[in-house]
Structures are given as C-alpha cells and as structure tokens.
Amino acid sequence: MSLVQNFPFFSIILAMFSGILSSVLSGRKARNLSLAMIGITTLLSGATLAFCLRTGESYTYMMGHFPAPWGNEIRAGVLEGLTAVMFGVVMFLAVLGGLDHTAEDVEEKKLNLFYIMIDLMLSSLLALVYTNDLFTAYVFVEINTIAGCGLIMIRQKGRSMSAAIRYMIMSQIGSGLFLIGLSLLYDVTGHLLMSPAKESVEILAAAGDYRIPMLVIMAVISVGLAIKSGLYPFHYWIPDTYGYATPTASAVLSGLVSKGYIFLLVKIFYRVLGYDHVISSQMANVLYAFGVAGMVMGSVHAIQETDTRRMTAYSSVAQIGYIYMGIGLGTPSGMVAALFHIFTHSATKALLFISAVGLYEVSGDKKDFVSLRGAAYRNPLAGIGFAVGSLSMVGFPMLSGFISKLLFATSAQESPHKMLPTLFVLAVSTTLNAIYFLRLVITLYSRRRAEDDPIPEPVNAKSSWKLKLAILCFIGVNLVLGMASQPIVQAISDGLGMFD
C-alpha cells in the first residue's frame, strides 16, 4: 500500500486532533490551526483524488488491518476524493471570509470553541464521505449534529438559541430514525460494513426473504437522512438555522452539512441496499415527489420573505429539492446531475452568504430590502459576488447553476414517465428563482430614494481583504464549475461506476 492511500484516514484524524488541540489554545491560535488543518486536509484529499484518477479504481483501507466483518474500513475512489476536495475548498473559504465577523459575533473566551466545532464538522464530513462502515457513519452523523448545533448557538444573539434548539430536535429525530434503520439492517444481514451488508441484501432479495423489513429499512433510513438534510416538508429548522448563525456558520451549514447527509444516503443506496432495489421498491419515486414539491414550495416561501437571510435560507430548501429530484429520477444521469448540484449548491450558497456580509456592512447591518437598496454601489465586490451567486441559482449560462439545470433537463429524457413533470417543474422553479433573486439583485443596484431611511454610520465600511479574497475565490470556483464542467461531470460518472 502506497503512502497516498493512507491520506483519507490521515485527513479524518488530523481534523479530529486539531479540534482536541484547539481546546487548550487561544482563539487566535485555534483559528490559525483550523485554517492550516483545512488547507492540509484539502491537499491530502486532492492527492487521493489524483491517485484514484491515475489508477482508475477505488480502494479499501482497513484500519488496524483487520478484515471484514470485524474491522473498520475506509473506502476511497474518484467520487469520494472529488467530494472531499470540494468540501475542503468551501470550508476554507467560508472560514476565511467570515474571520472578522466571527471575532465580532463570538465572545473572545469562546472563540476557540467555535473553531473546535469547525474542526469537528470537517472531520465528520470527511468521515461521511470516506467511511465504509455503517455504525461509524452513525457516530460521525452525531458528531456532525453536535458541531452544527454548537456553531449556531455560540453566537448568542437574536434567535440563535431557539434556532439551535429547533435544529437539535429535528436532527435528533432524523438521527433516531437513521439508527433504527441501521439496527434493523444489522438484525437482518448481520453486517455493518457496507460491502458484506450488500452481499447479504442481494442474497435475501434473490430468495425473496424479508421484503417488508427491507422496505421498512429503506424508508426509515431515507426519511431519517431526508430530515437531517432539510428535504421539504422537513425543512422548518432551516430558515432560523441559516439566518441567525455567524456568516461562516451559515455558509458551512447551508453549503456542506446537508450535502454530507445526502452523500451518505447515496452511498447506502449504491453500496448497501442496491440502487436497483431502491427503484423497484418505489422509494425513488417517493423521494422524487418530495424533491419536486421542495423545488416549488421552497421558492414560494423565499418570495414571501423580506429578510434577505431567510430568503436565502428558503432558497436552500428549493435547491435540496433539486438534488432529491435527481436522485428520484432513477437513472445514472439523474444521479450524476444530483451529485453535480451538490457541488454547485455548496459553492454558490456559501458565496451568497459570504457576499451578503459585505452588503450588510455598508447598510447599517440591516438585512431588509429597503436598507440594502444601492448596497452594491457601496461595496462593489460584494455586490458582484451576490449577483454571480444569484445568477448561478437562476441558471445563467457560464455559471455552475446553468450546468446543473442542463444536466437535470437532459437526464429527465431518460425517464419517460417523469420527463414532462421534471421539465415543467424545472421551468416553474427557475422562474420563481428569478423572481426573488433578481428582485434582490435589482434592489442592490438601485439608487436610494429620498424617502428611504438614512443608513446608520458607517456607510463606507471597508470589507477586509480576507472577505474580498473569499468572494473572489468563490466566484472563481463557480466559473470553473460552469465553464469546465465536463471533466468534473465525467469524474462524477466514473466515481459512481466505482461505487458498486
């Protein structure tokens, strides 16, 4: 085994160890350690991706070198490496862009706790991406939940405490259902490692045994992870959670956390339950129906909002609906589109939350439409960043959102019974996206009127270089996803081929 094959394990352990070490460091040192750790783990993930692209196959890493079914395994392939790289880039830029506001929003004596939560969050996301063991996945699902709750409540301003409580309640319901599903699966198959569990599932399916229990297992696991990822109608924790956290926490929670749960669900569908069995059980159709409903209803709620934070948060409900719609199409191209949209939404939603910070800075920290009128002139780079993110969500050519919607539209043609509903809902959702996002962009570039309330000082607040750099890099990521999408789409397709 070459050294690079150890990198996924090193990444998870490094992130966890950084969290432990940060507990005895000052806030400034914990911040520096966190940024260094995120950068290093992203490079390690990049090396893993390059190795898998070169070899053209995935590999299994046995921790402690104990084979199945006793040992614990990590599995790495092209899709895992690509996802880990994307998560690392978004995490790094979200932390960098929100550094100054994190220092303002979090008490100095608790600042190191914030970065402990960031470290644990990244560790759990990497574990969800790489693990080949179901119980390990559950453990890191809980670590992810605790870290997310800590990121929300540490601000202790406005409704952050109630948002954290709501997030915890809904997350624990989802975690409980997920654990019940894993317990039933272990009872039926006798395995927790994904590959041996799938072999048992295939044997049971061929014999026609345990059909009802297997259907219950699929349903419970799917609903549990759907709740945790915010699929409509389990989305009511999202607006407060994303809207009242620090800018970094909002970008991380909206851009990454729900995507980790969705990626885990895709792994379970392919590596444990068998995607063909998921389709034949009609579970894919159920996810498709809820995804389509989320695409529309999330946008409807966003249109009704006057607070831009909650508007942006509700748009996440619609975008998560896109992902589940792609999964529910039941075709390889639909799954590729869903996974590409995970990358699109991760980068774009983090760009929106980070850019919004620069707009709030020059608008007296107000978040309503009237106060933000003309904000793009007062902070041009933040205005450009928010406009790029908004146009991407609408599906403007050359941006990542356009590629996502193009992939969904083309993949719908491979599913005759779902083609017309998918194309219709795509058109409706895109129109609704344009209504609320372009309305805000037009507001940002509209001159203030004489009757508008004066903007509290300082109107000429300057964004830090860190925020500007993060916005520029996020714009760059969005353009790469939009203009150089073919190699990424091909890598996703190749990675899915390695999932079985």
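Under the classification rounded if a/c is under 1.5, otherwise prolate if a/b is larger than b/c and oblate if not, where does the range 292-351 fall, given a ≥ b ≥ c as square roots of the Cα gyration tensor eigenvalues? Because a/c hits 1.5 or more and a/b fails to exceed b/c, the range 292-351 counts as oblate. Checking the a/c ratio against 1.5 first, then a/b against b/c, what shape does the Cα gyration tensor give for the range 131-284? Verdict is prolate for the range 131-284. Averaged per residue, the chain has 36 square angstrom of accessible surface, using a 1.4 angstrom probe with ligands and nucleic acids left out. From the square roots a ≥ b ≥ c of the eigenvalues of the alpha-carbon gyration tensor of the range 1-70, which class results: rounded (a/c under 1.5), prolate (a/b over b/c), or oblate? Oblate shape, in that a/c is at least 1.5 and b/c is the bigger or equal ratio. Per-residue 3J(HN,Hα) values for the range 111-118, derived from phi via the Karplus relation 6.51 cos²θ - 1.76 cosθ + 1.60 with θ = phi - 60°, read 5, 5, 5, 4, 6, 4, 5, 4 Hz in sequence order (x marks Gly and Pro). Between residue 54 and residue 13, the contour length at 0.36 nm per residue exceeds the Cα-Cα span by 12.3 nm. Principal semi-axes of the equivalent ellipsoid, √(5λ) from the alpha carbon gyration tensor of the range 187-233, are 24, 13, 8 Å from largest down. For the range 246-291, the C-alpha radius of gyration sits at 1.48 times the compact-globule guess of 2.2 N^0.38 Å, with N the residue count. In degrees from 0 to 90, rounded to the nearest 10, what is the angle of the helix 27-55 Cα long axis to the longest principal axis of the chain? For helix 27-55, the angle is close to 50 degrees.
Separation of the range 408-434 from the range 159-212 is 30 Å, based on Cα centroids. Quick one: angle between helix 380-394 and the longest Cα principal axis of the chain, in degrees between 0 and 90, rounded to 10, please. For helix 380-394, the angle is close to 40 degrees. Taking the chain as the reference, fit the longest principal axis to its C-alpha atoms, fit the long axis of helix 194-207 to the helix C-alpha atoms, and give the angle between the two in degrees, 0 to 90, nearest 10. Taking the Cα atoms of the chain, the angle to 194-207 is about 60 degrees. Considering only the Cα atoms of the chain, their convex hull presents on average a projected area of 21.6 nm².
In terms of Cα to Cα distance under 21 Å, which lysines are near enough to residue 367, apart from those fewer than 8 places away along the same chain? Within the straight-line cut-off, residue 367 pairs with 157, 349, 462, 468.
The values are calculated or read from the model by the stated rules, or taken from the named source; none is laboratory data. Treat the numbers as computed from the prediction; the structure is a model and nothing was measured. Side chains included, ligands, DNA and RNA excluded: accessible areas come from the protein's heavy atoms. Shrake-Rupley method; radii C 1.70, N 1.55, O 1.52, S 1.80 Å.
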